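To keep things clear, I will list the structure first and then write my remarks on it.
The values are calculated or read from the model by the stated rules, or taken from the named source; none is laboratory data. Everything numeric here is computed off the predicted structure, so don't read it as measured data. Heads up, the Cβs are rebuilt from the backbone with ideal geometry, glycines too, and the neighbour counts pull from every protein chain shown. Keep in mind that these areas ignore ligands, DNA and RNA; they rest on the heavy atoms of the full protein, side chains included. Shrake-Rupley method; radii C 1.70, N 1.55, O 1.52, S 1.80 Å.
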Amino acid sequence: MKAITQYIFAAALTTLLATACTGSFDDINTDPTRITEEQLGRDYQTVGAFFTQMQTRVVLYDDGTGKCYSSDYQVAQGLTNDPFSGYIGLTGTWRSGVHNGSYSFVSGWYNQLFTRAFSEVMPAWQKMKEQAENLSMPQIGALADIVKVEALHRVTDTYGPMPYIHFGSGSIGTAYDAQSDIYKTFFDELDKAIEVLTPLAESDAQMLTDYDIVFDGSVRQWVKFANTLRLRLAMRVVYADEALARQEAEKSAACSVGFIEETNERAALMHNKVTYFHPNYDMAYTFNAGEIRMSASMDAYMNGYGDPRRAAYFKPAADGGYHGVRLGVHNMNPAKYAGADISNLNIDRSSTPIVWMTAAESWFLRAEGALRGWQMGGDAKTFYENGIKTSFAENGVSGAEAYLANTDAAPVAYVDMTGDSNDYPVPATITIAWQDDDAFETSLERIITQKWIAMYPDGCEGWAEFRRTGYPHLIPVVNNDSNGTIDTEKQVRRCPFPTSEYETNGAVVSAAVSVLSGEALGGGADNGGTRLWWDRKN
């Protein structure tokens, strides 16, 4: 009877009206041209509107309405996570090159990932949770929790402590929680959401279909995503709390619904459900004739491997090759750095999807778990090879079998095609083909290197995994303008807390710095060199 009731509930929710980007939380509550709270109450429209809002604010983008811009994305992660991950080279001429790219943080260039999450994602989540309680429908709250964790783990992985656990309690100046406590809360929320939604998933029920712009209402896919997200976060904390990491990873492996595995299961915003434009296009092609290009690290690894995915990720330069640029170059000449000798991004403004999680990532996560001896339902070699095959399929390129069999190809030295002689020697010697007798660290480097390539251009994940594992070995900046707060070889470990937080919440942020220092390996201040709680390996 319970299962039937749940199915009827889910089916009823498919009658919801479609909606596009809802803008900010304040707008939806104050704009007189929008649907009122009373009107939204009909047919669960309140739930649907806020569910869509949460999904649209996980990754900022241009929505074509004048409310969400590519420049918002740029100052949220395009000038931080994306270049720090080794995916993107910054080619703008701002401040003569003395900026985030050379580790001289610019106020206003790292705030929005934090501020938009707490002004748009979290209030919408709070409204969904209220409606879930009012309607006695915990399934609604479960979906809201999954999206909240996806959005907010990106925030804590960028800054560290944040006001998460007691958000919305009504107190003024909510204290920042330690990252160790935030992660435990993430796991608790995901565990409960998966438990609540699994019966619906097993019956292939639909939920909030007209408002779901990621999985089109499929509860099964939401559970697969939540289960894989739990594995992602479990792996994140392995060097800080291995017992917790293994416990959560093995829960995911035992889940009856399973993981994201197929190319059509990846978590991505659906262009046929919401109008949006990929912000990397504007950054590469329209902002001052282009302010980002292929990075030097992608150049060294993908050229060394002769990787067929180069053509999916980047456009060839004038000589037909693929060439990147290093971070930290002063006084860039845009004619050289954004010119024909450097590879631009291969991206379409209106059709390239924003991806939260590739299917390939799921396989690589399981490969690492199996490598560590955890119960993951298979062996590391098979999972690793499935990860590469799936990445090739996701990018529409052939040649995976030959790539997997290559025992010789390795990263190559970076050659600066601008003529400024910012060359760099071979960053690593890791090859492609799996070797059963390799040492643990060699196998881990192989898994993470291929995972890094497969997750492009998700800078939040690429940078987090580099900090967690030390892999791949990324090419360092040419000039380090951090005044000694950031080690050139270790590279950036976090972003400072937003300046707006100091201006409006100064005492609380000062206390948060103490929390940050207290759980960081070696302590530290509010700067880019201080480690996060889970960053304990290298």
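Tally the residues that are at pLDDT 95 or above, under 15 Å from Trp125 (Cα atoms) and in contact with a strand residue (DSSP E or B) (Cβ under 8 Å, 6 or more places away or on another chain), restricting the search to the stretch 149-184. Steps first, please.
Here is the first cut: in the stretch 149-184, the residues at pLDDT 95 or above are 149-165, 176-184.
In the following step, the residues that additionally are under 15 Å from Trp125 (Cα atoms) were identified as 149-153, 163-165.
So of that shortlist, the ones also in contact with a strand residue (DSSP E or B) (Cβ under 8 Å, 6 or more places away or on another chain) come out as 150, 152, 163-165.
Within the stretch 149-184, residues that are at pLDDT 95 or above, under 15 Å from Trp125 (Cα atoms) and in contact with a strand residue (DSSP E or B) (Cβ under 8 Å, 6 or more places away or on another chain) number 5.
Any idea how many residues of the stretch 147-190 are among the aliphatic types (A, V, I, L, M) and assigned to a loop (DSSP other than H, G, I, E, B)? Walk me through it before giving the result.
Our first condition is that a residue be among the aliphatic types (A, V, I, L, M); within the stretch 147-190, this holds for 147, 149, 151-152, 155, 162, 165, 172, 175, 178, 182, 190.
Filter once more, keeping what is assigned to a loop (DSSP other than H, G, I, E, B): 165, 172, 175, 178.
So the count comes out to 4.
Only helices (runs of 4 or more DSSP H) wholly contained in the stretch 349-422 count here; list those with 1 or more residues that are under 26 Å from Gln55 (Cα atoms) and open to solvent by 20 Å² or more (accessible area, probe 1.4 Å).
On the way: elements: 359-371, 380-394, 400-405.
Output list reads 359-371, 380-394.
Table: residues versus (1) touching a residue at least 24 places away in the same chain (Cβ under 8 Å); (2) surrounded by fewer than 18 Cβ atoms within 10 Å (Cβ to Cβ); (3) of a type in the set (Gly, Ala, Ser); (4) in contact with a helix residue (DSSP H, G or I) (Cβ under 6 Å, 6 or more places away or on another chain).
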| site | (1), (2), (3), (4) |
| --- | --- |
| Ile213 | yes, no, no, yes |
| Val219 | yes, no, no, yes |
| Glu242 | no, yes, no, no |
| Ala253 | yes, no, yes, no |
| Glu265 | yes, no, no, yes |
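Please go through the stretch 191-209 and pick out each residue that is within 22 Å of Ala268 (Cβ to Cβ) and open to solvent by 50 Å² or more (accessible area, probe 1.4 Å).
Of everything in the stretch 191-209, those that are within 22 Å of Ala268 (Cβ to Cβ) and open to solvent by 50 Å² or more (accessible area, probe 1.4 Å) turn out to be Asp204, Gln206.
Among the listed residues Ser85, Ser96, which satisfies the condition of being surrounded by fewer than 24 Cβ atoms within 10 Å (Cβ to Cβ) and either in contact (Cβ under 8 Å) with a residue 12 or more places away in the chain or closer than 28 Å to His271 by Cβ (or both)?
Step by step, each of Ser85, Ser96 is checked, and only Ser96 is surrounded by fewer than 24 Cβ atoms within 10 Å (Cβ to Cβ) and either in contact (Cβ under 8 Å) with a residue 12 or more places away in the chain or closer than 28 Å to His271 by Cβ (or both).
If a residue must be within 22 Å of the chain's Cα centre (by Cα) and either over 14 Å from Ala144 (Cβ atoms) or charged (D, E, K, R) (or both), how many such residues does the stretch 195-214 contain?
Of the residues in that region, 2 qualify.
Any residue at all in the stretch 500-509 that's surrounded by 22 or more Cβ atoms within 10 Å (Cβ to Cβ) and either of a type in the set (Phe, Trp, Tyr) or closer than 29 Å to Tyr313 by Cβ (or both)?
no
Filter the stretch 99-124 down to the residues that are among the aliphatic types (A, V, I, L, M) and out of contact with any His (no Cβ under 9 Å at 6 or more places or on another chain), then identify the one that is surrounded by the fewest Cβ atoms within 10 Å (Cβ to Cβ). Lay out the reasoning, then the answer.
So in the stretch 99-124, the residues among the aliphatic types (A, V, I, L, M) come out as 106, 113, 117, 121-122, 124.
This time we only want the ones that are out of contact with any His (no Cβ under 9 Å at 6 or more places or on another chain), so: 113, 117, 121-122, 124.
Details: Leu113: 25, Ala117: 24, Val121: 25, Met122: 22, Ala124: 27.
Step by step, filter the stretch 99-124, then rank; the result is Met122.
Could you go through the stretch 441-455 and let me know if any residue there is more than 22 Å from Gly101 (Cβ to Cβ), open to solvent by 30 Å² or more (accessible area, probe 1.4 Å) and more than 23 Å from the chain's Cα centre (by Cα).
Looking for residues that are more than 22 Å from Gly101 (Cβ to Cβ), open to solvent by 30 Å² or more (accessible area, probe 1.4 Å) and more than 23 Å from the chain's Cα centre (by Cα), one finds at least one in the stretch 441-455, hence yes.
Restricting the search to the stretch 191-220, which residues are β-branched (Val, Ile, Thr) and assigned to a loop (DSSP other than H, G, I, E, B)? Steps first, answer last, please.
Pass one, the stretch 191-220, residues β-branched (Val, Ile, Thr): 194, 196, 198, 209, 213-214, 219.
Hits for the stretch 191-220 are Ile213, Val214.
If you check every pair at least six apart or on different chains, which have Cβ atoms under 9 Å apart with a residue in the stretch 415-427 that is over 9 Å from Ala300 (Cβ atoms) first and a residue that is polar (S, T, N, Q) and surrounded by 13 or more Cβ atoms within 10 Å (Cβ to Cβ) second?
Taking only residues 6 or more apart or on different chains, the pairs are Asp416/Asn422; Thr418/Asn333; Asp420/Asn333.
Whether any residue in the stretch 125-145 is under 30 Å from Thr488 (Cα atoms), touching a residue at least 24 places away in the same chain (Cβ under 8 Å) and open to solvent by 30 Å² or more (accessible area, probe 1.4 Å) is what I want to check. Don't jump to the end; show me each part of the working.
Filtering the stretch 125-145 down to residues under 30 Å from Thr488 (Cα atoms) leaves none.
No, because not a single residue in the stretch 125-145 is under 30 Å from Thr488 (Cα atoms), touching a residue at least 24 places away in the same chain (Cβ under 8 Å) and open to solvent by 30 Å² or more (accessible area, probe 1.4 Å).
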